[in-house]
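Comments concern the structure below.
None of the figures in this text is laboratory data; all of them are computed from the coordinates on show. Predicted model only: the values in this text are computed from it and were never measured. Cβ placement follows ideal geometry from the backbone for every residue including glycine, while neighbour counts extend to all protein chains displayed.
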Amino acid sequence: MPASMKIRVSSYLCIALFACVVAARAAGLDLLKQGQAAEQAGRQNEALLAYSQAIQAGDLTKGQLAFAYFSRGGIKGFLGDNVDGIADFSKAIELAPAYGQARSLRGYLLGTIGQYDLAEKDHLTAIELAKGEKWDEYLPWVLQHYADLWRRRKEFDKALSCCERALQAKEYAIVYFRRAWIYLDMGRLAEAKANFDKFGLEMKRQKVSYDVFWPDERGAIARLQGLR
């Protein structure tokens, strides 16, 4: 499997954005860095507290504050606090309207609570914002989230089409998981297993645990692991 098949999870999505923000000697920035370190170490509650304190510090730049809300929204999504996660992604978007990652994840969480029309608007905006993105895996990452919305709507052909478009943009491992989930819901178990096995091999190669995924994703992974 090509080395370009990299897993990206919410905790690592905006490193490039954060690096572009001018550093400042401020308590808020230090707390933001602490949150990142805790999140990357898997200490989600510690990260949540640090991001909240960074937001409350009052000395972050606009870009840093948008990143802080985005990061806290990702933690809340991981913890299953979808409504509050949506609120944080919305704050990030208010501060940075062209924040495609925030729109994509807000769209994903809106899908989890059945707000499909609002979710679709976010996904389409996130896809449109790909034109200005420097992260080369941004488009497949966004498209596999959009595929999940079509899966929830049980419009499986559209979901599979999004996955195919994502893989045409760039070979990206998580698309195989998303496609496996779609096939699972369709009852096409052999295809679900084949795609999940491909995804699983890449997870092992990169030494990434399934524990990094969000609750609904972990539920799907458990179902897929049960296929024989």
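Using only alpha carbons, the chain has a radius of gyration to Kirkwood radius ratio (Rg to Rh) of 0.97. For the listed residue pairs 134/207; 33/131; 62/198, the alpha carbons are over 31 angstrom apart in 62/198. Using the beta-carbon distance between residue 186 and residue 218 and R0 = 25 Å, what value does 1/(1 + (r/R0)^6) give for FRET efficiency, to the nearest 0.05? Using R0 = 25 Å, I get an efficiency of 0.75.
Taking Cα atoms only, the orientation of helix 215-225 departs from the longest principal axis of the chain by about 30 degrees.
For the range 93-148, the Cα gyration tensor yields ellipsoid semi-axes of 18, 13, 8 Å (square root of five times each eigenvalue, largest first, whole Å).
With contacts taken as Cα pairs under 8 Å and at least 6 residues apart, the chain reaches a relative contact order of 15 percent.
Here the spin labels are modelled as points 7 Å beyond Cα on the Cα-Cβ line, and at residue 87 and residue 113 they lie 0.9 nm apart.
When the helices of the chain are scored as -39500 (n - 2.57) per DSSP H run of n ≥ 4 and the total is divided over every residue, the value at 222 nm lands at -22500 deg cm²/dmol.
Both radii are taken from the alpha-carbon atoms of the range 18-143; with Rh as the Kirkwood radius, Rg/Rh is 0.97.
Measuring nothing but how far apart in sequence close Cα pairs (under 8 Å, 6+ apart) lie, relative to its length, the range 101-144 scores a relative contact order of 37 percent.
Per the Kirkwood formula applied to alpha carbons, the range 126-228 shows a radius of gyration over Rh ratio, Rg over Rh, of 0.96.
Peptides 134-146, 185-197, 111-123, 90-102, ordered by how many other C-beta atoms sit within 10 Å of their residues on average, highest first, read 134-146, 90-102, 111-123, 185-197.
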